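So the structure is just underneath, and the comments pick up after that.
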Amino acid sequence: MTPEDVFLRLVHGVADRDLEALPALYAEQTDVRHPMSPYGDPPLLTRDALREHFNGRGPQVAEAVRFQPDAIRIHQTQDPEVIVAEFDYAGTAIATGEHFRVPCVFVLRVRDGEIVESRDYIDHVAMARARGALDELIAVLREPAPARSAS
């Protein structure tokens, strides 16, 4: 599978709630990070960690919203393993029927048909608003930031 094929399977699998199939898109040893997440998400470095991530976060989101990837733009890079994908998750909040769009940018490195590295940039405020979880997000933002080591 090409990097584009893997990306499309990933975002459609997330939207379709095919959570059992998603970890197979990743290499056994991988490096997935959400650099802009206010929740302090740790790096996901194994397929098992991704399985746990999708099974933990996925059902929470599924209870609150329905969405599909939209406005997908995939940019090639000089490295054939790496793509930059811009897209929106567009959908409806289940409780209110309100429509929403969540802008996203994923930078993926795909080797031998598996994601070996990913940086996922998601508008967490827009997703929290869509899920009706702004109070939860605000509580997280009020917590003291963890100390970071100088490296």
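The values are calculated or read from the model by the stated rules, or taken from the named source; none is laboratory data. It should be emphasised that the depicted structure is a prediction, and the values quoted were computed from it without experimental measurement. Positions of Cβ are generated from backbone atoms using ideal geometry, with glycine treated the same way; all protein chains shown enter the neighbour counts. Keep in mind that these areas ignore ligands, DNA and RNA; they rest on the heavy atoms of the full protein, side chains included. Shrake-Rupley method; radii C 1.70, N 1.55, O 1.52, S 1.80 Å.
Here are a few things to note about the model shown:
- Residue match in the stretch 137-149 (condition: among the charged types (D, E, K, R) and surrounded by 11 or more Cβ atoms within 10 Å (Cβ to Cβ)): no
- Test result for D18, open to solvent by 60 Å² or more (accessible area, probe 1.4 Å), out of contact with any Ser or Thr (no Cβ under 8 Å at 6 or more places or on another chain), farther than 23 Å from L141 by Cα and not in a loop (DSSP other than H, G, I, E, B): no
- Of all residues making up the stretch 52-88, the number that are crowded, with 17+ Cβ neighbours inside 10 Å, modelled with pLDDT of 95 or more and either more than 21 Å from R101 (Cα to Cα) or more than 15 Å from the chain's Cα centre (by Cα) (or both): 1
- Of the numbered criteria (1) hydroxyl-bearing (S, T, Y); (2) out of contact with any Phe, Trp or Tyr (no Cβ under 6 Å at 6 or more places or on another chain); (3) within 19 Å of L8 (Cα to Cα), the one T46 fails is (3).
- Residues in the stretch 1-15 that are open to solvent by 20 Å² or more (accessible area, probe 1.4 Å), within 17 Å of R57 (Cα to Cα) and modelled with pLDDT of 95 or more: 1 in all.
- Any hit, the stretch 124-134, residues being in a strand (DSSP E or B), surrounded by 13 or more Cβ atoms within 10 Å (Cβ to Cβ) and of a type outside the set (D, E): no
- Residue that is surrounded by the most Cβ atoms within 10 Å (Cβ to Cβ), among those in the stretch 89-101 that are part of a loop (DSSP other than H, G, I, E, B) and of a type outside the set (D, E): I94
- The stretch 39-67 residues that are in a strand (DSSP E or B), paired with ones that are among the hydrophobic types (A, V, I, L, M, F, W, C) and surrounded by 13 or more Cβ atoms within 10 Å (Cβ to Cβ) (beta carbon under 7 Å, 6 or more apart): L44/V32; L44/L50; V65/A93; V65/I94; V65/A130; R66/I94; F67/A15; F67/A90
- Within the stretch 86-140, the residues that satisfy the criterion of being basic (K, R) and in contact with an Asp or Glu (Cβ under 7 Å, 6 or more places away or on another chain) are R101, R109, R111.
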